[in-house]
Amino acid sequence: MNRDQAIEALESFEGYWDIIVIGGGATGLGVGVDAASRGYRTLLLEQHDFAKGTSSRSTKLVHGGVRYLRQGNISLVLEALHERGLLIRNAPHLVSNQAFIVPNYEWWDGPFYGAGMKVYDMLAGKLGLGPSRHLSKQETLKRIPTLEPAKLRGGVVYHDGQFDDARLAVNLAQTMTDCGGIPVNYMKVTGFSKVGEMIDGVFATDMETGKSHGIHARVVVNATGVFTDQVLQMENPGATPMIAASQGVHLVLDKSFLPGESAIMVPQTADGRVLFVVPWHGRAVVGTTDTPVSRISLEPRPLAEEIAFILAHAALYLSKDPTPGDIKSVFAGLRPLVNTGKEHNTAAISRDHYLVVSESGLVTITGGKWTTYRKMAEDTVNQAMLVAGLDERECVTKKLRIHGWLKHFDSTDPLHYYGSDAIHLKKMIRTDPGLGEKLHPDLPYLRAEVTWAVQKEMARTVEDFLARRSRALVLDARAAMAMAPEVAGIMARDLGYDDAWKTRQINAFVKLAENYLAASPAAGASLP
Ligand SMILES: Cc1cc2nc3c(=O)[nH]c(=O)nc-3n(C[C@H](O)[C@H](O)[C@H](O)COP(=O)(O)OP(=O)(O)OC[C@H]3O[C@@H](n4cnc5c(N)ncnc54)[C@H](O)[C@@H]3O)c2cc1C
């Protein structure tokens with residue numbers, strides 16, 4: 001489905017939707033898929049693009065969370081490990097088994113982390129991805145030749161999942177459509193309609209045309225991540241704020257900093273944080289930080305201190321020290337942590353999810369993590385069903401294959417992450433070989449992918465394609481800028497726009513992409 005078809009479906013629908021979901025990140029899309037797959041008439045409204053917010057800015061891990069194990073939050077780890085197993089089964093084209101190595105520099109690291117990882121293996125049970133084990137110094141360096149060898153004693157290898165967050169979001173929107181639901185991007189909810197004190201729908205504005213819509217529903221779900229409080233206060237200006245946002249920054253480096261297939265996991269840096277260096281789409285992703293922030297934005301800016309922190313700590317564990325000039329891209333995301341009032345340090349706030357029903361019947365779901373989006377959605381729809389008095393239907397997502405599901409594929413094929421859709425892209429290229437040309441010599445993306453994104457994945461802007469349908473912006477911001485004119489040209493042709501649209505799109509994208517360059521003024525030019 002493309003966006004025009006979604007708008008048509010929205011406008012031609014008469015009466016009450018069973019469920020309206022506000023927010024098209026991991027949480028909202030999960031709820032949309034769950035509700036639509038139970039057969040409820042489901043509409044999802046996203047103010048910008050799917051996964052524009054936090055959901056495209058994660059560390060890309062489908063994990064139980066070794067850190068939460070250390071914090072003693074066993075139930076959270078158990079639930080996340082279970083969900084990890086389900087997700088790898090339901091979206092094998094996007095989630096893979098990733099080996100992580102904890103390097104041991106102190107004599108007690110080996111026994112301590114070795115034992116901890118055995119507990120992690122045990123909690124994963126039948127859905128485990130492979131046993132953890134000790135590695136000698138030689139084995140550790142063979143797997144990660146760029147690890148700092150001085151004082152290295154060995155390592156502990158364990159397994160977790162890795163994925164492409166924005167691609168999974170796009171595939172969830174498609175899964176929702178496959179199940180009969182309607183997800184719409186660029187449609188902002190601006191208010192609620194009520195019968196007496198109870199919500200019976202939303203007002204929404206089409207961000208492309210400015211057209212207003214009043215849409216009725218039996219129940220409305222607020223799944224807006226760090227915007228949760230804004231939506232709660234739209235309904236009740238006196239609502240108590242519940243979000244404590246925390247910013248996390250990642251740097252993307254060349255593959256030479258992490259050759260091979262294994263990732264590095266440092267459970268505790270000198271100041272008590274976790275550091276990951278993870279291979280991803282032919283690059284190394286390094287992060288992250290945990291900085292409390294009060295300004296909520298869809299495009300948060302990395303701070304100079306955060307970039308400096310990551311570079312300095314990565315240098316402690318890598319034999320080749322990364323410098324600002326090595327950064328291909330830097331991106332920031334905001335964690336929607338729920339402030340229970342007990343903790344002031346965001347790193348210590350629980351990553352559990354919270355489900356609240358307002359007196360007006362608004363169902364709010366927030367917190368949690370990408371890994372647990374399916375369980376969050378199941379809990380939310382179970383609750384929404386009761387609030388709306390819908391006939392009770394069982395959740396079916398534990399075994400629901402996500403759009404593109406494909407088990408066996410060649411991971412060196414540049415189109416492999418489309419899963420079962422790759423054959424359609426290949427057919428397009430056979431019909432028009434020009435579509436098989438690369439958009440940039442340093443990145444694998446092909447011209448056909450732009451047309452596919454417009455026709456089948458609801459891409460509307462150059463940014464939608466370069467940041468989330470492909471991952472060019474986060475893999476190499478400069479290459480993405482260079483690709484913008486050609487992408488704008490293909491999109492303008494496919495969407496029927498003129499040269500003025502093309503120019504506006506290119507300018508807007510280049511301005512945005514400058515924030516992904518570590519040396520941009522926004523990211524703090526005063527790096528040490
Ligand atoms: C740095 C970092 C690293 C992380 N790493 C991992 C990881 O490796 N693994 C993991 O499992 N989890 C990870 N997480 C957590 C995970 O990314 C988040 O829990 C998840 O993405 C939150 O999704 P969400 O849908 O709740 O929020 P969002 O993705 O922010 O979605 C909310 C959406 O609501 C929309 N919205 C807001 N207001 C309105 C409105 N009025 N009308 C319509 N739409 C509206 C917004 O535009 C936005 O798209 C990480 C988070 C961060 C910040």
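Read phi for every residue in the range 408-420 and hand back ³J(HN,Hα) as whole Hz from Karplus 6.51 cos²θ - 1.76 cosθ + 1.60, θ = phi - 60°, with x for Gly and Pro.
Result, rounded to whole Hz: 10, 7, 8, 6, 8, 5, x, 9, 4, 6, 7, x, 5.
Relative contact order for the chain: what is it in percent, counting Cα pairs under 8 Å that are at least 6 residues apart? It would help to have the intermediate numbers written out before the result.
Details: 1104 pairs, mean separation 99.4, N = 528.
So the answer I get is 19 percent.
Could you give the angle, 0 to 90 degrees to the nearest 10, between helix 165-178's Cα long axis and the longest principal axis of the Cα atoms of the chain?
Long axis of 165-178 versus the principal axis of the chain: about 30 degrees.
Find the relative contact order for the range 316-459 and round it to a whole percent, using C-alpha pairs within less than 8 Å whose residues are 6+ positions apart.
Working: 101 pairs, mean separation 14.4, N = 144.
Relative contact order, the range 316-459: 10 percent.
Using Cβ counts within 10 Å as a stand-in for footprinting exposure, how do 497, 354, 113 rank, fewest first?
497, 354, 113
For 386, 495, what ranking results if the residue with the fewest other Cβ atoms within 10 Å of its Cβ goes first?
Ascending number of Cβ neighbours within 10 Å: 386, 495.
Using the crude model of +1 on Lys and Arg Cβ and -1 on Asp and Glu Cβ, and no other charge, please compute the dipole size for the chain relative to its Cα centre, in debye to 20.
It works out to roughly 1320 debye.
Above 29 angstrom, tally the Cα pairs of the chain and express them as a % of all pairs, no decimals.
On the way: 71126 of 139128 pairs.
Value for the chain: 51 percent of Cα pairs lie more than 29 Å apart.
Taking DSSP loops as anything outside H, G, I, E and B, show the longest stretch in the chain free of GluC sites (Glu not before Pro) there with at most 12 other beta carbons within 10 Å.
262-358
Could you tell me how far the Cα centroid of the range 103-118 sits from the Cα centroid of the range 16-86, in Å?
After rounding, the separation between the Cα centres reads 32 Å.
Treating cross-link reach as a plain straight distance, find the lysines whose alpha-carbon is under 23 Å from the alpha-carbon of residue 151, omitting any fewer than eight places away in the same chain.
Excluding near neighbours in sequence, the set is 137, 142, 320.
Net charge within 13 Å of residue 316 by Cβ-Cβ distance, Lys/Arg positive one each and Asp/Glu negative one each, not counting residue 316 itself?
On the way: positive: 151, 273, 320; negative: 148, 271, 321.
Residues close to residue 316 contribute a combined charge of 0.
Roughly how tilted is helix 477-495, in degrees to the nearest 10 and between 0 and 90, from the longest Cα axis of the chain?
Result, in degrees: 20.
Roughly what % of DSSP beta bridges within the chain run antiparallel, to the nearest 5?
Given both bridge residues lie in the chain, the antiparallel proportion sits at roughly 80 percent.
Can you tell me, using C-alpha contacts under 8 Å and at least 6 residues apart, the relative contact order of the range 1-158 as a whole percent?
Once divided by the residue count of the range 1-158, the mean separation gives 17 percent.
Near residue 121, within a Cβ-to-Cβ distance under 15 Å, what is the net charge of the other residues, with Lys and Arg +1 and Asp and Glu -1?
Details: positive: 84, 118, 126, 133; negative: 160.
Its environment carries a net charge of +3.
Sequence neighbours fewer than 8 away in the same chain don't count; with that in mind, list the aspartates and glutamates whose C-alpha is under 17 Å from residue 194.
18, 235, 359
5 Å is the cut-off here: which amide hydrogens, built 1.01 Å from N in the peptide plane, fall below it relative to residue 187, excluding neighbours closer than 5 in sequence?
46, 47, 48, 207
Report, ordered by chain and residue number, the aspartates and glutamates lying within cross-link reach of residue 407, taken as a straight Cα distance under 14 Å and ignoring same-chain residues fewer than 8 apart.
Correct list for residue 407: 421.
Which value in deg cm²/dmol, rounded to the nearest 500, describes the helix-derived mean residue ellipticity at 222 nm for the chain, given -39,500 (n - 2.57) per DSSP H run of n ≥ 4 and division by the residue count?
-10500 deg cm²/dmol
Readers should treat all values here as calculations from the given coordinates under stated rules, not as data from a laboratory. Remember, predicted model here, so these are calculated numbers, not experimental data. We place every Cβ from the backbone using ideal geometry, glycine too, and count neighbours over all the protein chains shown.
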